[in-house]
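The values are calculated or read from the model by the stated rules, or taken from the named source; none is laboratory data. These numbers come from a predicted model, not from an experiment. Cβ placement follows ideal geometry from the backbone for every residue including glycine, while neighbour counts extend to all protein chains displayed.
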Amino acid sequence: MPLMMDSPAVANPRVDGGRARRSRSVELRGDNVVSLNLPREADRQVVLDWAVATVAQAEERVAALQARVEYLEGLSVTDELTGLLNRRGFQSVIDNELARSERGGRSFSLLMCDCDFFKHLNDQLGHHAGDDALNSIGKLLEENKRRIDVAARVGGEEFALVLPETDQHEAFIVAERLRSRFADGFADQPVALTLSLGVATYPTHGMTADALLRASDEALYAAKALGRDRTVLYSAEVQGKRVQKFRNVGGL
């Protein structure tokens, strides 16, 4: 039901020879003002209270909508199995870090990691065991990386990390620590998994996201070709030495 407010008669000696004149009504319907014609002070307060309440309700709706959007955006960049970023989220992190490093003249490094013998695990124990292993890998990387680093699952049994403000030598040390802890964490499993890693650094090994991804990928597959369970830093010597058979069998 609409709310109607009529101002009482007010004598105005300059209008209609001093006869009383009634102000026009204020009518509120839900979130709308149907009629508003300069009401008296009491009516103005009612309208003000209504406006404040309406704005507060609108702000609550906007906040709820924004939270929903942020939740959905989070789902779109998160790997459901491990809780790490997915490839889309990881690409965004690389782009942001590249822009930040360009502005500040700083280095950052990229680690590409592939789980060795993961196909053996799936073949022997089934895909459920493989999913459990991937979940454990995600937790291990998240727990053992530095606080400033960002980890992601970028496909299958392949993971990646962005290491802000880290040169190639520091990145190699970080990679070796992760590799060692990974081997220790899976040493007593039915299939002893290990980790191969490739390292590339901005701007030494590339000035663009694509160049850095390509360089770290080349280094990763050089690590595979050299016997797995090792870290390889990108260099001219490993360029073009990616072994395609490792890609085809899913990271043996």
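Taken together, the criteria place T201 among residues that are in the same structural domain as K139 (by TED's automatic domain parsing), crowded, with 23+ Cβ neighbours inside 10 Å, more than 17 Å from E158 (Cα to Cα) and modelled with pLDDT of 95 or more.
Residues of the stretch 79-125 that are closer than 20 Å to I148 by Cβ, of a type in the set (S, T, N, Q) and out of contact with any strand residue (DSSP E or B) (no Cβ under 7 Å at 6 or more places or on another chain): Q91, S92, N96.
At least 1 residues being under 25 Å from T78 (Cα atoms) and touching a Cys at 6+ places or on another chain (Cβ under 8 Å) is the threshold, and among the strands (runs of 3 or more DSSP E) wholly inside the stretch 156-247 those reaching it are 158-164, 194-202. Of all residues in the stretch 157-191, those satisfying the criterion of being under 15 Å from L85 (Cα atoms) and under 19 Å from the mean Cα position of the chain (by Cα) are E158, F159, A160, L161, V162, L163. Using the structure shown, decide if A133 is among the hydrophobic types (A, V, I, L, M, F, W, C), in a helix (DSSP H, G or I) and farther than 22 Å from T204 by Cα. In short, yes.
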